[in-house]
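The values are calculated or read from the model by the stated rules, or taken from the named source; none is laboratory data. Values in this document were obtained by computation on a predicted structure and should not be read as measured data. With ideal geometry, Cβ positions are generated from the backbone for all residues, glycine too; neighbour counts draw on all protein chains shown.
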Amino acid sequence: MPKRYLSIWFRHLATDRMVRLHPELRDKPFLLYAPEHGRMVVRASSRALDREGIAPGMVVADVRAILPSVEVFPDDPVTTDKLLKDLAEWFLRYTPVPAIDPPDGLMLDITGCTHLWGGELSYLKSIVIRLRKGGYDVKAAIADTIGAAWAIARFGKNGTIVEPGRQAEALRSLPPSALRLETTILQRLEKLGFRQIGQLSRIPRTNLRRRFGDVLLTRLGQALGTEPELLNPVQPPPLYQEWLPALEPIRTAKGIEIALQRLLDTLCERFFNEGKGMRTGTFKGYRVDGKVEQISIGTNRASRNAVHLFKLFELKIPEIEPALGIELFVLEATLVEEVSETQEALWSMGNSDHAAIAELLDNIAGKVGMKSIHRYLPLEHHWPEASIKEVSSLVEEPETTWRTDRPRPLHLLPHPEPIEVMVALPDYPPLHFRYKGNLIKVAKADGPERIEQEWWLQTGPPRDYYYVEDENGARYWLFRLGTYGNGEPRWFLHGFFA
Amino acid sequence: MKELAGKKEIIKQLKEKILAMEGFSSGPDSHQFDFNLRPMNAAFPGGTFPVGAVHEFISPTQTSFSATNGFISGLLSTLMKQDGICLWVSSGRRLFPSTLKFFGIEPHRIIFIDVRRDKDALWVMEQALKCNSLAAVVAELRDINFAESRRLQLAVEDSRVTGFLHHYFPRKENTLATVSRWRIKPLPSLVIDGLPGVGFPRWEVELEKIRNGQPGIWQFEWRNGVFRHITVPKRTVPEPGLPQKERHYA
């Protein structure tokens, strides 16, 4: 598909912003300045100053001499840059690929977008009218290349639409400065009498390269469409995104459900064709009043089952606040993974169908949160707390076997609880101990099992574990931290056996 | 004579139908699991441990909490033998996954769902019980009412998944719509010839309530990966009055 670009030039971006903030400044001559080489230099001037012939680059003192009534304000380039970025993001409703064109322009890749507004002319009109209403003085143009759109927006008639393939004619009469060149090259062109781009096409390329370097040829080629140029979009285009503009603003839950269903069907069909599935997804609604409502879901396993994904989103639809209505729905798969047949075989579940389990877990994660789902694999550590690791995947298999050679309690306390003990002899298990106010008499005991700290992880005294049983048959796991003779060791209860 | 035999046959079929309606499966799946609870089988309707139903376990103390988890794990190991996956829902989990291996379970085949509230645990359990790809569902929670337990029972009637409802530290021991109610208490283990150490885990298993069955009390030991019935419980409890043997520790 041949590309189409729309360039927007904000002629007074910084001052228009000031007027929006302080409406009393409208129609007044004022300028924004910044210090440069010890002088105050004009950075931006208001519309009223255009008539006086005052342009950025002049010294503030000179301007004051020409027009004593001028008001001056310090320039704030950071805020202006942010404004430009915000504007670019606002243009996401017109095209998925808006880009910032510093210092005062936007470049939109509008390929395949304009028919939704009924053609390029109404598309352009809609944009310009909305920006004008917002108080911005803009010029815009549509062309086949970024370079041509840029040039015509700035040097051509406002609202020009260059027919596909006609950019060479449109550029012919424009000055060389429309080619986005450095000042030194422009000065040399001026000196040699090149006043129009059309004149350059009559000169052999080798001569141009010798005189002006590669830059001129590149820029010329980019404007004419013979050299490629890449746009740097404000939002990197997500690979898996589906759009659904609404004819009329949608305000009902049912309407949102229908939109979601349609988007999911198209996206899942694409997933099927490409052998992929969604791990996380976002469903956004662009509201009439400019706000964006969004809900996100995550799955345990890449899924391309529209019914299942719909169920996950459905739980969150009530969170969407449509207010005056939603005019555009976007479904985006932010994390996409391959769905392979081998993945299904890894669980080796014999009789059970584990896709159903993954879907159940997605449902659970949607209700109580992904963090509440745990699965553990063994680790080769003796320290009990470090002997298991949590995994987030359902298909990861243990690398080592689960050990059963030493007694381990069925219930392990998250933090060992201190106990008071009565010990007959050092290195003997306690005769009795007190836990939560109860005196527990030890009837049988096994141990000690010494577990040393793993010095490469942490340091400290070793633990001596005892497996003890009281007179009623309750079984406990106790340990002594430290050894007798090396200060007073402390005792802890760490778990309960079955 | 012929008529009488025919009637007997009809009555037998009707009884099976009633059992099925009450939540006990009589299909082939009920006989494929052997839990090694032999002397207990007579207590169960149909002579086998009812799978595809919800069982309630009550444990008022920490020690019975651990013992009950041990007993449930023993049952799970049989249910999961055929490569099953089990969901373990809990509102206050202390289970250490590693130890499940001792009870014949591959701990990585258990998916733990840790929630804060009992209501969430119930919701998860109900959803899970509807998923017939699971071998079993265990839920540990503190409060449940009759209506909620009925929902669980209804869920398993379609899916035939076995559910274990572990009612720990209950605020009140109310009646529930489960097929059974169990109480497991730890018993002192047996050490051979007074040798030092601790023996195999041993429990007193009380089947307090069983629909269409005979409640009773049994003693079991978990030894070498199977339940073992203890016939002479007296040996394990030292008679009062006798002086205890002096202990020696390794």
Residue ID - nearest to the chain's Cα centre (by Cα), chosen from residues in the stretch A:275-311 that are more than 15 Å from residue A:264 (Cα to Cα) and not in a strand (DSSP E or B): A:291
Residues (over 23 Å from residue A:287 (Cα atoms) and polar (S, T, N, Q)) located in the stretch A:85-113: A:111
The stretch B:143-159, residues that are surrounded by 15 or more Cβ atoms within 10 Å (Cβ to Cβ), more than 14 Å from chain A (Cβ to nearest Cβ) and either touching a Leu at 6+ places or on another chain (Cβ under 7 Å) or in a loop (DSSP other than H, G, I, E, B) (or both): B:143, B:144, B:148, B:149, B:152, B:156
Members of the stretch B:53-72 found to be outside any loop (DSSP other than H, G, I, E, B) and at the interface with chain A (Cβ under 9 Å from one of its Cβ atoms), listed by number: B:62, B:63, B:64, B:65, B:66, B:67, B:68, B:69, B:70, B:71
Meets criteria (of a type in the set (Gly, Ala, Ser), touching a helix residue (DSSP H, G or I) at 6+ places or on another chain (Cβ under 6 Å) and not in a helix (DSSP H, G or I)) for residue A:44: yes
Residue match in the stretch A:89-111 (condition: hydrophobic (A, V, I, L, M, F, W, C), in contact with an Asp or Glu (Cβ under 7 Å, 6 or more places away or on another chain), in contact (Cβ under 8 Å) with a residue 60 or more places away in the chain and in the same structural domain as residue A:147 (by TED's automatic domain parsing)): yes
Among the residues listed as B:75, B:100, B:87, the single one being over 22 Å from residue A:387 (Cα atoms), more than 7 Å from chain A (Cβ to nearest Cβ) and either polar (S, T, N, Q) or within 18 Å of the chain's Cα centre (by Cα) (or both): B:75
Which numbered condition residue A:392 misses (of (1) of a type in the set (S, T, N, Q); (2) closer than 30 Å to residue B:195 by Cβ; (3) not assigned by TED's automatic domain parsing to the domain that holds residue A:485): (2)
Test result for residue A:275, on the phi > 0 side of the Ramachandran plot and in the same structural domain as residue A:315 (by TED's automatic domain parsing): yes
Any hit, the stretch A:467-484, residues being touching a residue at least 12 places away in the same chain (Cβ under 8 Å), within 11 Å of another protein chain (Cβ to nearest Cβ) and surrounded by fewer than 16 Cβ atoms within 10 Å (Cβ to Cβ): yes
Selection count where residues are over 15 Å from residue B:74 (Cα atoms) and either β-branched (Val, Ile, Thr) or modelled with pLDDT of 85 or more (or both), scope the stretch B:213-250: 11
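Under 30 Å from residue A:211 (Cβ atoms) and at pLDDT 90 or above: is that true of residue A:143 in this structure?
On the way: under 30 Å from residue A:211 (Cβ atoms): yes; at pLDDT 90 or above: yes.
It is true that residue A:143 is under 30 Å from residue A:211 (Cβ atoms) and at pLDDT 90 or above.
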Some residue of the stretch A:11-24 being in the same structural domain as residue A:142 (by TED's automatic domain parsing), in contact with a Leu (Cβ under 9 Å, 6 or more places away or on another chain) and among the basic types (Lys, Arg): yes
Cross-chain or 6+ apart pairs with Cβ under 7 Å, the stretch A:116-135 first and surrounded by fewer than 17 Cβ atoms within 10 Å (Cβ to Cβ), then among the basic types (Lys, Arg): A:135/A:20
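Which is without any contact (Cβ under 8 Å) to a residue 24 or more places away in the chain, farther than 24 Å from residue B:62 by Cα and touching a helix residue (DSSP H, G or I) at 6+ places or on another chain (Cβ under 6 Å), of A:398, A:462?
A:398
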